[in-house]
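Student: One structure follows; several queries about it will come next.
The values are calculated or read from the model by the stated rules, or taken from the named source; none is laboratory data. Remember, predicted model here, so these are calculated numbers, not experimental data. Cβ placement follows ideal geometry from the backbone for every residue including glycine, while neighbour counts extend to all protein chains displayed. Accessible surface areas use protein heavy atoms only, side chains included; no ligands, DNA or RNA. Shrake-Rupley method; radii C 1.70, N 1.55, O 1.52, S 1.80 Å.
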Amino acid sequence: MNQFSRRKFLLTAGASAVGAVLLNGCLGNPPDYASNQVQQVAAVDLSPEQTPEVTKVKLGYIPIVEAAPFIIAKEKGFFAKYGMTGVELAKQASWGAMRDNTEIGSSGGGVDGGQYQMPMPHLITEGVITKGNQKIPMYVLAQLITQGNGIAVANKHKGKDIGLNLAKGGKAVFDQLKSTKNPFSAAYTFAQVNQDFWLRYWLAAGGINPDTDVKLIPVPAAQTVANMKTGTMDAFSTGDPWPYRIVKDDIGFMAVLTAEMWKNHPEEYFAMRGDWADKNPKATKAILKGIMEAQQWLDNFDNRKEAAAILSSRNYFNLPSEILENPFQGKYDMGDGRVIDDKSMAAYYWKDERGSVSYPYKSHDLWFLTESVRWGFLPKDTLTNAKALIDKVNREDIWKQAATEAGIAASDIPTSTSRGIETFFDGVTFDPDNPSAYLQSLKIKKV
């Protein structure tokens, strides 16, 4: 990433604090949900083989539903249960800030790991997005969530057929604007990762070239509502609660849920600096066990009202809990007359219709790297070397060890590092055994 882009991200990160202040007044402040109100689990007697080397770690997170496993693991005592009594969760102003704080590590005032969009851990490992292209080895340890994301569009475009399949009519809006001084402007939270990819896939599937027909810009999640209100952007790709917040404040509507684009898709991940994990292997597995238990707790829908109350508190998301409650149940008022009431469309943390959510399938790493090649973010020979890079970064072996130690049923521990062929809403398929065929099948691409 060039220095101009880095400065732009850092400036945007600083501005997000102002955005957060603006948002607090929209729907009233949430009540405090103090930790002592939460029923915590009892600690287990740990054998010397499972007692962590350290009890403290600093994990960064962004206040969106992908962060729920960290927050629930801390608040419900799941981290403490496995000996990690000093887990500090550090809220990040933006993904640029998360990247920067990962670079310096907790010893320099940053973080040891935490929540990442994909393929951020691979890009940090290879020095693609770090200062001076410094290579900082990272380990991907678990997937945090599936689904829970969407693309919101400003109200001025309501009634123009901007939905899942843009080729059916919505494309005309983009065609009309692309030759003007103000082409359709769509925002994501960080370049070359998940939420950029969701926008790009959606647009390209509808016959719209994201590099020439629209203007794509990075904006921190906390500024989404404010920017949509001022009319400076037409669409935003991000995680709950922000798309739903835009609907609730009558600023825009939900054009599409990512669950409609790719059912049970990989979303954000838990990753650590490799040096921290290598130095503290037992603590790394203890953190993983706490996350796994939190993921299972979150997938009990009877717990989701309590989860919404915990996440929405001032310490974390700082918004009314009702903004989270309905999406957590798969209930979405899309804001344009369409209503979704389908639990299979909700966020899942532990298991979904395809099997494990938490397990980090290497085939998903490969899709993110293939999309990076598709859009020219990484060179084409990345696919030649992809297996070596994925094997270096994706430590599914540590996930399996932690799951076994935590007593997870063997049926919940995948035996293959591939989830197999993936199918998207437009009928395109991705076969992990032949990523080049996937690339060739795509009509709009840079490679």
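Student: Give me the percent relative contact order of the range 297-389, please, defined on Cα pairs under 8 angstrom at least 6 residues apart. Working shown, then result.
Tutor: Values: 83 pairs, mean separation 15.2, N = 93.
Relative contact order of the range 297-389: 16 percent.
Student: With just the Cα atoms defining each centre, how far is the range 370-447 from the range 304-362? Give it in Å.
Tutor: 25
Student: While we're looking at this one, here's another question. Relative to the compact-globule scaling 2.2 N^0.38 Å, provide the ratio for the alpha-carbon radius of gyration of the range 301-445. Intermediate values should be presented prior to the final figure.
Tutor: Values: Rg = 18.9 Å, N = 145, 2.2 N^0.38 = 14.6 Å.
Ratio of Cα Rg to 2.2 N^0.38 Å: 1.30.
Student: Could you grab the relative contact order for the range 178-291? Cα pairs under 8 Å, six or more apart, rounded to a whole percent. Don't skip to the end; give the middle numbers.
Tutor: Values: 106 pairs, mean separation 27.8, N = 114.
Once normalised by length, the contact order is 24 percent.
Student: Next up: Roughly how many nanometres apart are two label points built 7 Å out from the Cα toward the Cβ at residue 431 and residue 41?
Tutor: In this crude label model, residue 431 to residue 41 measures out at 4.1 nm.
Student: Would you kindly derive the ³J(HN,Hα) couplings of the range 162-176 from the backbone phi angles with the Karplus curve 6.51 cos²θ - 1.76 cosθ + 1.60 (θ = phi - 60°), listing them in order in whole Hz, with x for Gly and Pro?
Tutor: 8, x, 4, 9, 5, 5, 6, x, x, 4, 4, 5, 5, 4, 5
Student: Write down the radius of gyration of the range 344-397 and its Dmax, each obtained from C-alpha positions, in Å.
Tutor: Values for the range 344-397 (Cα only, Rg and Dmax): 13.5, 37 Å.
Student: Could you grab the relative contact order for the chain? Cα pairs under 8 Å, six or more apart, rounded to a whole percent.
Tutor: Numbers: 880 pairs, mean separation 94.0, N = 447.
In percent, rounded to a whole number, it is 21.
Student: Residue by residue through the range 305-318, what is 3J(HN,Hα) from phi via Karplus (6.51 cos²θ - 1.76 cosθ + 1.60, θ = phi - 60°)? Round to whole Hz and write x for glycine and proline.
Tutor: With coefficients 6.51, -1.76 and 1.60, one gets 5, 5, 4, 4, 5, 5, 5, 7, 5, 4, 5, 10, 8, 6 Hz.
Student: While we're here: Let me see the P(r) profile for the range 38-192: every Cα-Cα distance counted, bins of 10 Å, each bin given as a percent of all pairs.
Tutor: Each 10 Å bin holds this share of Cα pairs: 9, 28, 26, 20, 11, 5, 1.
Student: Give me the Å³ per residue figure for the convex hull around the C-alpha atoms of the range 305-371. Could you put the intermediate results ahead of the total?
Tutor: Details: hull volume 10.1 nm³, N = 67.
Normalising the Cα hull of the range 305-371 by residue number yields 150 Å³.
Student: If you don't mind, there's one more thing I want to ask. When averaged across all projection directions, what area in nm² does the alpha-carbon convex hull of the chain cover? Could the numbers behind the result be given before it?
Tutor: Values: hull surface 78.6 nm².
Convex hull of Cα atoms, orientation-averaged projection: 19.6 nm².
Student: Need one number for the range 53-137: average projected area of the convex hull over its C-alpha atoms, nm². Please list the in-between numbers first.
Tutor: Details: hull surface 22.8 nm².
Approximately 5.7 nm², given one-decimal rounding.
Student: Give the angle, between 0 and 90 degrees and rounded to the nearest 10, that separates the Cα long axis of helix 281-298 from the longest principal axis of the Cα atoms of the chain.
Tutor: Rounded to the nearest ten degrees, it is 60.
Student: Using bins 5 angstrom wide from zero, how does P(r) for the range 395-442 break down, in % of all Cα pairs?
Tutor: P(r) over the range 395-442, rounded to whole percents: 4, 18, 20, 14, 10, 13, 12, 7, 1.
Student: Which residues does the label zone of residue 353 cover in the range 123-147, counting backbone N under 19 Å from a point 7 Å along Cα→Cβ?
Tutor: Counting only backbone N, you get 145-147.
Student: Still on this structure: Can you give the Rg to Rh ratio for the range 135-260, taking only C-alpha atoms and Rh from Kirkwood?
Tutor: Value, to two decimals: 0.98.
Student: State the extension gain, in nm to one decimal, for the chain segment bounded by residue 165 and residue 133, taking 0.36 nm per residue of separation less the distance between their alpha-carbons.
Tutor: 7.6 nm
Student: Now, a different point. Of the accessible area of the chain, with the probe set at 1.4 angstrom, what percent is carbon plus sulfur?
Tutor: Values: 8160 of 16590 Å².
Ligands and nucleic acids excluded, carbon and sulfur give 49 percent.
Student: Whole number please: convex hull volume per residue of the Cα set in the range 192-261, in Å³?
Tutor: Working: hull volume 6.4 nm³, N = 70.
It is 91 Å³ per residue.
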